[in-house]
1. Only one of 406, 464 is within 21 Å of residue 242 (Cβ to Cβ), over 16 Å from the mean Cα position of the chain (by Cα) and buried (at least 24 other Cβ atoms within 10 Å of the Cβ); which?
2. Looking only at residues in the range 122-146 that are outside any loop (DSSP other than H, G, I, E, B) and farther than 19 Å from residue 27 by Cα, which one is nearest to the ligand (Cβ to nearest atom)?
3. Taking the condition of being under 19 Å from residue 169 (Cα atoms) and either out of contact with any strand residue (DSSP E or B) (no Cβ under 8 Å at 6 or more places or on another chain) or not in a strand (DSSP E or B) (or both), how many residues in the range 456-480 meet it?
4. For the range 430-459, which residues satisfy the criterion of being under 21 Å from residue 133 (Cβ atoms), surrounded by fewer than 21 Cβ atoms within 10 Å (Cβ to Cβ) and modelled with pLDDT of 95 or more?
5. Out of 362, 386, report the one residue that is within 16 Å of the ligand (Cβ to nearest atom) and free of Cβ contacts under 8 Å to residues at least 40 places away in the same chain.
6. In the list 83, 151, 119, which residue meets the criterion of being touching a strand residue (DSSP E or B) at 6+ places or on another chain (Cβ under 7 Å), within 16 Å of the ligand (Cβ to nearest atom) and more than 30 Å from residue 350 (Cα to Cα)?
7. Could you name every one of the strands (runs of 3 or more DSSP E) located completely within the range 147-226 that has at least 2 residues being at negative phi and surrounded by fewer than 24 Cβ atoms within 10 Å (Cβ to Cβ)?
8. Sort out which residues of the range 39-51 are surrounded by fewer than 22 Cβ atoms within 10 Å (Cβ to Cβ) and assigned to a helix (DSSP H, G or I), and write them in order of number.
Ligand code: GLN
(Lines give C-alpha, C1' and ligand atoms only; values in the text may rest on other atoms or scores of the structure.)
Protein backbone atom coordinates (compact mmCIF):
# COMPACT_ATOMS: atom_id res chain seq x y z
CA UNK A 1 0.00 0.00 0.00
CA UNK A 2 1.39 3.44 -0.90
CA UNK A 3 2.32 5.82 1.87
CA UNK A 4 -0.94 7.63 2.76
CA UNK A 5 0.55 11.05 2.16
CA UNK A 6 1.40 10.08 -1.43
CA UNK A 7 -2.01 8.56 -2.17
CA UNK A 8 -4.62 10.39 -4.22
CA UNK A 9 -7.68 11.82 -2.47
CA UNK A 10 -9.81 9.25 -4.29
CA UNK A 11 -7.66 6.45 -2.83
CA UNK A 12 -7.75 8.06 0.64
CA UNK A 13 -11.52 8.28 0.43
CA UNK A 14 -11.63 4.54 -0.24
CA UNK A 15 -9.28 3.76 2.66
CA UNK A 16 -11.26 5.95 5.03
CA UNK A 17 -14.53 4.33 4.02
CA UNK A 18 -12.99 0.87 4.47
CA UNK A 19 -11.68 2.07 7.87
CA UNK A 20 -8.12 1.13 6.96
CA UNK A 21 -7.08 4.53 8.20
CA UNK A 22 -8.78 7.16 10.35
CA UNK A 23 -9.06 10.82 9.47
CA UNK A 24 -7.11 11.68 12.62
CA UNK A 25 -4.20 9.45 11.51
CA UNK A 26 -4.29 10.92 8.04
CA UNK A 27 -4.52 14.53 9.21
CA UNK A 28 -1.68 13.95 11.67
CA UNK A 29 0.46 12.42 8.89
CA UNK A 30 -0.01 15.55 6.80
CA UNK A 31 0.65 17.85 9.76
CA UNK A 32 3.89 15.90 10.36
CA UNK A 33 4.85 16.22 6.71
CA UNK A 34 4.25 19.98 6.85
CA UNK A 35 6.46 20.07 9.95
CA UNK A 36 9.18 18.16 8.09
CA UNK A 37 9.31 20.07 4.80
CA UNK A 38 7.55 23.40 5.07
CA UNK A 39 10.44 25.29 6.56
CA UNK A 40 12.09 24.70 3.19
CA UNK A 41 9.03 24.99 0.92
CA UNK A 42 7.08 27.71 2.76
CA UNK A 43 3.78 26.71 1.19
CA UNK A 44 1.82 27.67 4.31
CA UNK A 45 1.30 31.04 5.95
CA UNK A 46 -0.68 29.46 8.77
CA UNK A 47 -1.10 25.84 9.86
CA UNK A 48 -4.27 25.10 11.82
CA UNK A 49 -3.33 21.79 13.43
CA UNK A 50 -5.97 22.00 16.17
CA UNK A 51 -8.80 22.97 13.84
CA UNK A 52 -7.91 20.24 11.33
CA UNK A 53 -7.65 17.54 14.01
CA UNK A 54 -10.96 18.63 15.57
CA UNK A 55 -12.71 18.15 12.21
CA UNK A 56 -10.92 14.80 11.75
CA UNK A 57 -12.06 13.57 15.17
CA UNK A 58 -15.62 14.62 14.44
CA UNK A 59 -15.61 12.81 11.07
CA UNK A 60 -14.14 9.66 12.65
CA UNK A 61 -16.82 9.69 15.35
CA UNK A 62 -19.60 10.17 12.83
CA UNK A 63 -18.24 7.38 10.65
CA UNK A 64 -18.00 5.09 13.68
CA UNK A 65 -21.64 5.91 14.46
CA UNK A 66 -22.60 4.71 10.98
CA UNK A 67 -23.50 8.13 9.59
CA UNK A 68 -23.55 8.48 5.81
CA UNK A 69 -20.67 10.83 4.94
CA UNK A 70 -19.45 12.72 1.90
CA UNK A 71 -16.88 10.64 -0.07
CA UNK A 72 -14.16 13.19 0.77
CA UNK A 73 -15.10 13.42 4.47
CA UNK A 74 -11.90 13.14 6.47
CA UNK A 75 -9.55 13.94 3.55
CA UNK A 76 -7.53 17.05 4.48
CA UNK A 77 -7.36 20.16 2.31
CA UNK A 78 -5.27 23.34 2.20
CA UNK A 79 -6.88 26.69 1.35
CA UNK A 80 -5.32 29.68 -0.40
CA UNK A 81 -5.02 32.58 2.01
CA UNK A 82 -7.30 34.80 -0.07
CA UNK A 83 -10.35 32.80 1.06
CA UNK A 84 -11.81 33.71 4.44
CA UNK A 85 -11.80 31.16 7.23
CA UNK A 86 -13.69 32.04 10.40
CA UNK A 87 -11.35 32.31 13.38
CA UNK A 88 -8.27 31.48 11.29
CA UNK A 89 -5.96 34.30 10.07
CA UNK A 90 -6.45 35.37 6.45
CA UNK A 91 -4.00 37.82 4.88
CA UNK A 92 -4.25 37.47 1.07
CA UNK A 93 -0.46 37.46 1.24
CA UNK A 94 -0.47 41.12 2.28
CA UNK A 95 1.06 42.87 5.26
CA UNK A 96 -1.96 45.16 5.28
CA UNK A 97 -4.05 42.23 6.57
CA UNK A 98 -1.43 40.83 8.94
CA UNK A 99 -3.16 39.39 12.00
CA UNK A 100 -6.68 39.79 10.59
CA UNK A 101 -8.99 37.03 11.78
CA UNK A 102 -12.17 36.88 9.68
CA UNK A 103 -15.47 36.74 11.56
CA UNK A 104 -17.03 34.59 8.82
CA UNK A 105 -16.41 31.72 6.43
CA UNK A 106 -16.31 32.07 2.66
CA UNK A 107 -18.91 29.89 0.95
CA UNK A 108 -16.04 27.70 -0.32
CA UNK A 109 -14.84 27.23 3.27
CA UNK A 110 -18.36 26.54 4.48
CA UNK A 111 -18.80 23.84 1.82
CA UNK A 112 -15.47 22.20 2.68
CA UNK A 113 -16.49 22.10 6.33
CA UNK A 114 -19.98 20.79 5.56
CA UNK A 115 -18.44 17.92 3.58
CA UNK A 116 -16.09 17.14 6.51
CA UNK A 117 -12.70 18.04 4.99
CA UNK A 118 -10.18 19.00 7.71
CA UNK A 119 -8.59 22.33 6.75
CA UNK A 120 -4.83 22.04 7.30
CA UNK A 121 -4.14 25.74 6.93
CA UNK A 122 -3.74 28.70 4.64
CA UNK A 123 -1.37 28.73 1.70
CA UNK A 124 1.06 31.39 0.54
CA UNK A 125 0.37 33.58 -2.48
CA UNK A 126 1.42 36.71 -4.29
CA UNK A 127 -0.05 39.71 -2.48
CA UNK A 128 -3.75 39.99 -3.36
CA UNK A 129 -3.13 37.33 -6.03
CA UNK A 130 -1.05 39.65 -8.21
CA UNK A 131 1.82 37.72 -9.72
CA UNK A 132 3.06 34.56 -11.38
CA UNK A 133 5.81 33.48 -9.01
CA UNK A 134 4.67 33.99 -5.37
CA UNK A 135 7.65 36.32 -5.02
CA UNK A 136 5.20 39.19 -4.42
CA UNK A 137 3.96 37.63 -1.16
CA UNK A 138 4.34 40.02 1.77
CA UNK A 139 5.66 37.03 3.76
CA UNK A 140 8.44 35.71 1.53
CA UNK A 141 8.23 33.36 -1.46
CA UNK A 142 7.24 29.70 -1.68
CA UNK A 143 9.87 27.38 -3.16
CA UNK A 144 9.22 24.87 -5.93
CA UNK A 145 9.51 21.29 -4.61
CA UNK A 146 11.09 20.23 -7.94
CA UNK A 147 13.97 22.67 -7.43
CA UNK A 148 13.95 24.93 -4.39
CA UNK A 149 15.97 27.56 -6.24
CA UNK A 150 12.97 28.13 -8.48
CA UNK A 151 9.54 29.71 -8.24
CA UNK A 152 6.44 27.49 -7.88
CA UNK A 153 4.35 29.75 -10.11
CA UNK A 154 1.78 32.22 -8.91
CA UNK A 155 -0.20 33.66 -7.53
CA UNK A 156 -1.23 30.36 -5.97
CA UNK A 157 2.29 28.97 -5.58
CA UNK A 158 1.55 27.93 -2.00
CA UNK A 159 -1.41 25.72 -2.89
CA UNK A 160 0.44 24.08 -5.79
CA UNK A 161 3.66 23.53 -3.84
CA UNK A 162 1.74 22.10 -0.86
CA UNK A 163 0.13 19.49 -3.10
CA UNK A 164 3.34 18.75 -5.05
CA UNK A 165 5.37 18.38 -1.82
CA UNK A 166 2.76 15.98 -0.34
CA UNK A 167 1.89 18.48 2.40
CA UNK A 168 -1.78 18.21 1.40
CA UNK A 169 -3.68 15.86 -0.90
CA UNK A 170 -5.99 18.64 -2.04
CA UNK A 171 -5.90 22.42 -2.13
CA UNK A 172 -8.14 25.26 -3.20
CA UNK A 173 -6.72 28.08 -5.29
CA UNK A 174 -8.10 31.10 -7.12
CA UNK A 175 -7.57 32.01 -10.75
CA UNK A 176 -8.04 35.54 -12.08
CA UNK A 177 -5.65 35.23 -15.00
CA UNK A 178 -4.01 31.84 -14.46
CA UNK A 179 -3.14 31.58 -10.78
CA UNK A 180 -4.41 28.02 -10.46
CA UNK A 181 -3.30 26.70 -13.86
CA UNK A 182 0.16 28.27 -14.18
CA UNK A 183 1.37 27.07 -10.73
CA UNK A 184 -0.08 23.68 -11.68
CA UNK A 185 2.15 23.68 -14.76
CA UNK A 186 5.20 24.77 -12.75
CA UNK A 187 4.81 22.07 -10.07
CA UNK A 188 3.46 19.03 -11.92
CA UNK A 189 -0.01 19.28 -10.39
CA UNK A 190 -3.53 19.52 -11.77
CA UNK A 191 -5.35 22.85 -11.53
CA UNK A 192 -8.81 23.86 -12.68
CA UNK A 193 -10.46 27.23 -13.14
CA UNK A 194 -14.19 26.45 -13.26
CA UNK A 195 -16.70 28.38 -15.36
CA UNK A 196 -17.06 31.93 -13.98
CA UNK A 197 -19.96 31.83 -11.55
CA UNK A 198 -19.60 28.09 -11.00
CA UNK A 199 -17.99 28.52 -7.58
CA UNK A 200 -19.21 31.25 -5.21
CA UNK A 201 -16.94 34.26 -4.73
CA UNK A 202 -18.54 35.08 -1.37
CA UNK A 203 -15.70 35.44 1.11
CA UNK A 204 -13.02 35.46 -1.57
CA UNK A 205 -11.02 38.66 -1.09
CA UNK A 206 -11.54 40.34 -4.45
CA UNK A 207 -8.77 41.03 -6.92
CA UNK A 208 -10.82 41.59 -10.10
CA UNK A 209 -14.42 40.63 -9.46
CA UNK A 210 -15.34 39.92 -13.09
CA UNK A 211 -12.40 37.49 -13.47
CA UNK A 212 -11.85 35.82 -10.07
CA UNK A 213 -12.80 32.17 -9.68
CA UNK A 214 -11.82 29.58 -7.06
CA UNK A 215 -11.01 26.02 -8.07
CA UNK A 216 -9.20 22.79 -7.21
CA UNK A 217 -5.45 22.04 -7.09
CA UNK A 218 -4.68 18.33 -6.88
CA UNK A 219 -2.43 15.42 -7.90
CA UNK A 220 -4.94 13.82 -10.29
CA UNK A 221 -7.73 14.89 -12.60
CA UNK A 222 -10.27 12.74 -10.74
CA UNK A 223 -9.26 14.35 -7.42
CA UNK A 224 -9.84 17.77 -8.96
CA UNK A 225 -13.32 16.68 -10.04
CA UNK A 226 -14.13 15.38 -6.56
CA UNK A 227 -13.07 18.68 -4.99
CA UNK A 228 -14.78 20.72 -7.72
CA UNK A 229 -18.07 19.05 -6.85
CA UNK A 230 -17.66 19.98 -3.16
CA UNK A 231 -16.98 23.68 -3.69
CA UNK A 232 -19.23 24.41 -6.70
CA UNK A 233 -22.92 25.24 -6.83
CA UNK A 234 -25.33 28.12 -6.66
CA UNK A 235 -25.03 30.58 -3.78
CA UNK A 236 -27.41 33.45 -3.12
CA UNK A 237 -24.57 35.34 -1.39
CA UNK A 238 -22.85 35.89 -4.76
CA UNK A 239 -24.92 37.76 -7.35
CA UNK A 240 -22.79 36.34 -10.18
CA UNK A 241 -23.24 32.74 -9.03
CA UNK A 242 -24.87 30.60 -11.71
CA UNK A 243 -28.15 29.01 -10.75
CA UNK A 244 -27.81 25.74 -12.63
CA UNK A 245 -26.67 22.24 -11.70
CA UNK A 246 -22.93 21.60 -11.23
CA UNK A 247 -21.64 19.95 -14.44
CA UNK A 248 -21.16 16.16 -14.06
CA UNK A 249 -17.41 16.49 -13.50
CA UNK A 250 -16.77 13.33 -11.46
CA UNK A 251 -18.63 11.12 -13.90
CA UNK A 252 -16.63 12.72 -16.74
CA UNK A 253 -13.29 12.18 -14.99
CA UNK A 254 -14.13 8.52 -14.47
CA UNK A 255 -15.23 8.15 -18.11
CA UNK A 256 -11.92 9.42 -19.56
CA UNK A 257 -12.79 8.61 -23.16
CA UNK A 258 -11.76 10.89 -26.02
CA UNK A 259 -13.10 8.71 -28.84
CA UNK A 260 -14.61 11.10 -31.41
CA UNK A 261 -13.75 14.20 -29.37
CA UNK A 262 -12.78 17.19 -31.50
CA UNK A 263 -9.81 19.07 -30.03
CA UNK A 264 -8.86 22.46 -31.42
CA UNK A 265 -5.27 23.61 -31.09
CA UNK A 266 -5.23 27.39 -30.75
CA UNK A 267 -2.68 28.74 -33.22
CA UNK A 268 -2.20 31.99 -31.25
CA UNK A 269 -1.38 30.14 -28.00
CA UNK A 270 1.84 28.47 -29.04
CA UNK A 271 4.82 28.73 -31.31
CA UNK A 272 7.05 31.76 -30.94
CA UNK A 273 7.78 32.67 -27.33
CA UNK A 274 7.04 29.15 -26.09
CA UNK A 275 10.01 27.09 -24.92
CA UNK A 276 10.75 24.29 -27.44
CA UNK A 277 10.46 21.59 -24.73
CA UNK A 278 7.08 22.94 -23.62
CA UNK A 279 5.90 22.79 -27.24
CA UNK A 280 7.41 19.32 -27.73
CA UNK A 281 5.62 17.85 -24.68
CA UNK A 282 2.42 19.52 -25.88
CA UNK A 283 2.70 17.97 -29.35
CA UNK A 284 3.44 14.53 -27.89
CA UNK A 285 0.34 14.77 -25.69
CA UNK A 286 -1.75 15.70 -28.72
CA UNK A 287 -0.40 12.66 -30.56
CA UNK A 288 -1.43 10.43 -27.63
CA UNK A 289 -4.94 11.89 -27.68
CA UNK A 290 -5.14 11.39 -31.42
CA UNK A 291 -4.04 7.79 -30.98
CA UNK A 292 -6.90 7.35 -28.50
CA UNK A 293 -9.46 8.47 -31.07
CA UNK A 294 -9.59 12.25 -30.74
CA UNK A 295 -9.64 14.41 -33.82
CA UNK A 296 -7.06 17.21 -33.71
CA UNK A 297 -7.62 20.36 -35.75
CA UNK A 298 -5.99 23.77 -35.75
CA UNK A 299 -8.17 26.77 -34.98
CA UNK A 300 -7.42 30.47 -35.01
CA UNK A 301 -8.58 32.98 -32.40
CA UNK A 302 -7.19 36.21 -33.85
CA UNK A 303 -8.17 38.51 -30.97
CA UNK A 304 -6.14 36.52 -28.44
CA UNK A 305 -3.02 38.49 -29.36
CA UNK A 306 -4.62 41.43 -27.52
CA UNK A 307 -5.73 39.45 -24.45
CA UNK A 308 -2.75 40.30 -22.27
CA UNK A 309 -3.06 44.03 -22.99
CA UNK A 310 -6.81 44.04 -22.31
CA UNK A 311 -6.36 42.04 -19.10
CA UNK A 312 -3.74 44.45 -17.77
CA UNK A 313 -6.22 47.30 -18.13
CA UNK A 314 -9.32 45.53 -16.85
CA UNK A 315 -7.61 43.82 -13.91
CA UNK A 316 -5.88 46.93 -12.49
CA UNK A 317 -9.08 48.95 -12.98
CA UNK A 318 -11.12 46.51 -10.95
CA UNK A 319 -8.31 45.96 -8.44
CA UNK A 320 -7.82 49.69 -7.80
CA UNK A 321 -11.48 49.92 -6.94
CA UNK A 322 -11.61 46.71 -4.86
CA UNK A 323 -8.51 47.63 -2.86
CA UNK A 324 -10.00 51.00 -1.85
CA UNK A 325 -11.58 49.15 1.08
CA UNK A 326 -8.17 48.90 2.76
CA UNK A 327 -8.48 52.33 4.27
CA UNK A 328 -6.98 51.68 7.74
CA UNK A 329 -10.35 52.56 9.25
CA UNK A 330 -12.32 49.34 9.32
CA UNK A 331 -9.75 46.56 9.50
CA UNK A 332 -6.16 45.81 8.73
CA UNK A 333 -2.98 47.75 9.31
CA UNK A 334 -3.18 51.27 10.68
CA UNK A 335 -0.06 53.41 11.02
CA UNK A 336 0.32 57.15 11.43
CA UNK A 337 2.65 59.24 9.28
CA UNK A 338 6.06 59.86 10.85
CA UNK A 339 6.42 63.04 12.85
CA UNK A 340 2.78 64.15 12.59
CA UNK A 341 1.09 64.75 15.95
CA UNK A 342 -2.58 64.74 15.10
CA UNK A 343 -2.77 63.18 11.62
CA UNK A 344 -5.90 63.51 9.54
CA UNK A 345 -7.81 60.41 8.42
CA UNK A 346 -6.39 60.92 4.96
CA UNK A 347 -2.82 61.03 6.24
CA UNK A 348 -3.40 57.80 8.19
CA UNK A 349 -4.87 56.14 5.10
CA UNK A 350 -1.94 57.20 2.95
CA UNK A 351 0.66 56.11 5.50
CA UNK A 352 -1.06 52.76 6.11
CA UNK A 353 -1.46 51.96 2.43
CA UNK A 354 2.12 52.99 1.81
CA UNK A 355 3.37 50.69 4.58
CA UNK A 356 0.94 47.82 4.00
CA UNK A 357 0.94 47.38 0.22
CA UNK A 358 3.89 46.01 -1.74
CA UNK A 359 5.31 47.38 -4.99
CA UNK A 360 3.26 45.25 -7.39
CA UNK A 361 0.01 46.19 -5.66
CA UNK A 362 0.90 49.87 -5.79
CA UNK A 363 1.86 49.56 -9.47
CA UNK A 364 -1.54 48.11 -10.31
CA UNK A 365 -3.50 50.62 -8.24
CA UNK A 366 -1.73 53.42 -10.10
CA UNK A 367 -2.36 51.75 -13.47
CA UNK A 368 -6.02 51.11 -12.70
CA UNK A 369 -6.70 54.55 -11.32
CA UNK A 370 -5.16 56.04 -14.44
CA UNK A 371 -7.14 53.80 -16.81
CA UNK A 372 -10.39 54.74 -15.07
CA UNK A 373 -9.74 58.45 -14.86
CA UNK A 374 -11.96 60.81 -16.79
CA UNK A 375 -10.56 61.55 -20.21
CA UNK A 376 -8.79 58.18 -20.40
CA UNK A 377 -11.65 55.85 -19.51
CA UNK A 378 -12.88 55.34 -23.08
CA UNK A 379 -9.41 55.09 -24.55
CA UNK A 380 -8.18 52.46 -22.10
CA UNK A 381 -10.85 50.72 -20.02
CA UNK A 382 -13.53 51.09 -22.71
CA UNK A 383 -11.26 49.69 -25.46
CA UNK A 384 -10.16 46.82 -23.23
CA UNK A 385 -13.80 45.86 -22.67
CA UNK A 386 -14.37 45.82 -26.43
CA UNK A 387 -11.38 43.52 -26.88
CA UNK A 388 -12.84 41.33 -24.16
CA UNK A 389 -16.01 40.95 -26.23
CA UNK A 390 -13.96 40.03 -29.31
CA UNK A 391 -12.13 37.36 -27.34
CA UNK A 392 -15.41 35.87 -26.11
CA UNK A 393 -16.63 35.87 -29.73
CA UNK A 394 -13.47 34.06 -30.88
CA UNK A 395 -14.23 31.33 -28.34
CA UNK A 396 -17.86 31.06 -29.48
CA UNK A 397 -16.71 30.70 -33.09
CA UNK A 398 -14.05 28.11 -32.18
CA UNK A 399 -16.47 26.00 -30.15
CA UNK A 400 -18.77 25.78 -33.15
CA UNK A 401 -16.30 23.40 -34.74
CA UNK A 402 -14.56 21.74 -31.76
CA UNK A 403 -15.53 20.34 -28.33
CA UNK A 404 -12.48 21.55 -26.42
CA UNK A 405 -9.47 23.74 -27.12
CA UNK A 406 -5.88 22.97 -26.17
CA UNK A 407 -2.61 24.83 -25.67
CA UNK A 408 0.46 24.71 -23.46
CA UNK A 409 -0.47 26.18 -20.06
CA UNK A 410 2.55 28.41 -19.70
CA UNK A 411 5.29 29.34 -22.19
CA UNK A 412 8.11 28.22 -19.87
CA UNK A 413 8.99 25.88 -17.04
CA UNK A 414 9.64 27.21 -13.51
CA UNK A 415 12.14 30.06 -13.60
CA UNK A 416 14.77 31.07 -11.06
CA UNK A 417 13.99 33.44 -8.19
CA UNK A 418 14.64 37.01 -9.21
CA UNK A 419 14.55 36.23 -12.94
CA UNK A 420 11.47 38.32 -13.75
CA UNK A 421 11.03 40.37 -10.60
CA UNK A 422 12.41 43.57 -12.10
CA UNK A 423 10.65 43.06 -15.41
CA UNK A 424 6.86 43.12 -14.81
CA UNK A 425 6.07 42.63 -18.49
CA UNK A 426 7.94 39.34 -18.72
CA UNK A 427 6.21 38.23 -15.49
CA UNK A 428 2.84 39.17 -17.04
CA UNK A 429 3.67 37.17 -20.18
CA UNK A 430 3.59 33.95 -18.11
CA UNK A 431 -0.20 34.10 -18.39
CA UNK A 432 -0.48 34.69 -22.11
CA UNK A 433 -2.22 31.34 -22.61
CA UNK A 434 -4.39 31.31 -19.48
CA UNK A 435 -5.86 34.84 -19.52
CA UNK A 436 -8.28 34.45 -22.47
CA UNK A 437 -10.38 31.96 -20.47
CA UNK A 438 -10.79 34.42 -17.58
CA UNK A 439 -11.76 37.24 -19.93
CA UNK A 440 -14.44 35.04 -21.50
CA UNK A 441 -15.57 33.34 -18.27
CA UNK A 442 -14.99 29.84 -19.65
CA UNK A 443 -13.42 26.92 -17.72
CA UNK A 444 -9.82 25.74 -18.07
CA UNK A 445 -7.77 22.83 -16.75
CA UNK A 446 -4.01 22.32 -16.62
CA UNK A 447 -2.38 18.94 -16.17
CA UNK A 448 1.26 17.84 -16.35
CA UNK A 449 2.39 16.87 -19.84
CA UNK A 450 5.92 15.72 -19.00
CA UNK A 451 9.34 17.09 -18.21
CA UNK A 452 11.52 19.50 -20.11
CA UNK A 453 15.20 18.73 -20.68
CA UNK A 454 15.97 20.65 -17.46
CA UNK A 455 13.92 18.06 -15.54
CA UNK A 456 11.08 20.49 -14.75
CA UNK A 457 7.38 19.85 -15.42
CA UNK A 458 5.45 21.29 -18.35
CA UNK A 459 1.70 21.94 -18.49
CA UNK A 460 -1.07 21.06 -20.95
CA UNK A 461 -4.16 23.28 -20.93
CA UNK A 462 -7.69 22.34 -21.98
CA UNK A 463 -10.50 24.90 -22.41
CA UNK A 464 -14.23 24.27 -22.82
CA UNK A 465 -17.38 26.35 -23.32
CA UNK A 466 -19.04 27.88 -20.25
CA UNK A 467 -20.80 25.25 -18.13
CA UNK A 468 -19.12 22.40 -20.02
CA UNK A 469 -16.47 21.90 -17.31
CA UNK A 470 -17.11 18.16 -17.52
CA UNK A 471 -15.47 18.06 -20.98
CA UNK A 472 -12.19 19.21 -19.41
CA UNK A 473 -12.29 16.40 -16.89
CA UNK A 474 -13.11 13.77 -19.48
CA UNK A 475 -10.30 14.78 -21.84
CA UNK A 476 -7.88 15.60 -19.00
CA UNK A 477 -8.36 12.23 -17.30
CA UNK A 478 -7.92 10.45 -20.63
CA UNK A 479 -4.63 12.23 -21.33
CA UNK A 480 -3.45 11.67 -17.76
CA UNK A 481 -4.05 7.94 -18.09
CA UNK A 482 -2.19 7.76 -21.42
CA UNK A 483 0.77 9.70 -20.05
CA UNK A 484 0.97 7.73 -16.82
CA UNK A 485 0.95 4.47 -18.78
CA UNK A 486 3.92 5.79 -20.69
CA UNK A 487 5.77 7.01 -17.58
CA UNK A 488 4.88 3.96 -15.50
CA UNK A 489 3.64 6.19 -12.66
CA UNK A 490 2.67 9.75 -11.93
CA UNK A 491 4.74 12.79 -12.77
CA UNK A 492 5.38 13.41 -9.06
CA UNK A 493 6.96 9.95 -8.79
CA UNK A 494 9.71 11.49 -10.92
CA UNK A 495 10.24 14.52 -8.64
CA UNK A 496 13.42 14.60 -6.54
CA UNK A 497 12.95 13.64 -2.88
CA UNK A 498 12.83 16.62 -0.56
CA UNK A 499 15.16 16.74 2.37
CA UNK A 500 13.13 16.07 5.48
CA UNK A 501 13.83 18.01 8.64
CA UNK A 502 14.48 15.76 11.67
N1 GLN B 1 -0.44 36.30 -12.90
C2 GLN B 1 -1.68 36.97 -13.15
C3 GLN B 1 -1.66 38.33 -12.51
O4 GLN B 1 -0.68 38.67 -11.95
C5 GLN B 1 -2.81 36.13 -12.65
C6 GLN B 1 -3.18 36.38 -11.26
C7 GLN B 1 -4.30 35.52 -10.79
O8 GLN B 1 -4.82 34.66 -11.52
N9 GLN B 1 -4.71 35.78 -9.56
O10 GLN B 1 -2.60 39.05 -12.56
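1. Details: 406 fails: within 21 Å of residue 242 (Cβ to Cβ).
Checking each option against the conditions leaves just 464.
2. Filtering the range 122-146 for residues outside any loop (DSSP other than H, G, I, E, B) gives 122-123, 127-129, 144.
Then drop every residue that is not farther than 19 Å from residue 27 by Cα, which leaves 127-129, 144.
On the way: 127: 10, 128: 8, 129: 3, 144: 16 Å.
If we take residues in the range 122-146 being outside any loop (DSSP other than H, G, I, E, B) and farther than 19 Å from residue 27 by Cα, then 129 is nearest to the ligand (Cβ to nearest atom).
3. We begin by selecting, within the range 456-480, every residue under 19 Å from residue 169 (Cα atoms); these are 457, 473, 476-477, 480.
Filter again for either out of contact with any strand residue (DSSP E or B) (no Cβ under 8 Å at 6 or more places or on another chain) or not in a strand (DSSP E or B) (or both), leaving 473, 476-477, 480.
Within the range 456-480, residues that are under 19 Å from residue 169 (Cα atoms) and either out of contact with any strand residue (DSSP E or B) (no Cβ under 8 Å at 6 or more places or on another chain) or not in a strand (DSSP E or B) (or both) number 4.
4. 451, 452, 455
5. Working: 386 fails: within 16 Å of the ligand (Cβ to nearest atom).
Criteria check complete, one pass: 362.
6. 151
7. Values: elements: 170-174, 190-193, 214-218.
Qualifying strands (runs of 3 or more DSSP E): none found.
8. 39, 40, 49, 50, 51
The values are calculated or read from the model by the stated rules, or taken from the named source; none is laboratory data. Everything numeric here is computed off the predicted structure, so don't read it as measured data. Backbone-built Cβ (ideal geometry, glycine too); neighbour counts: all protein chains shown.
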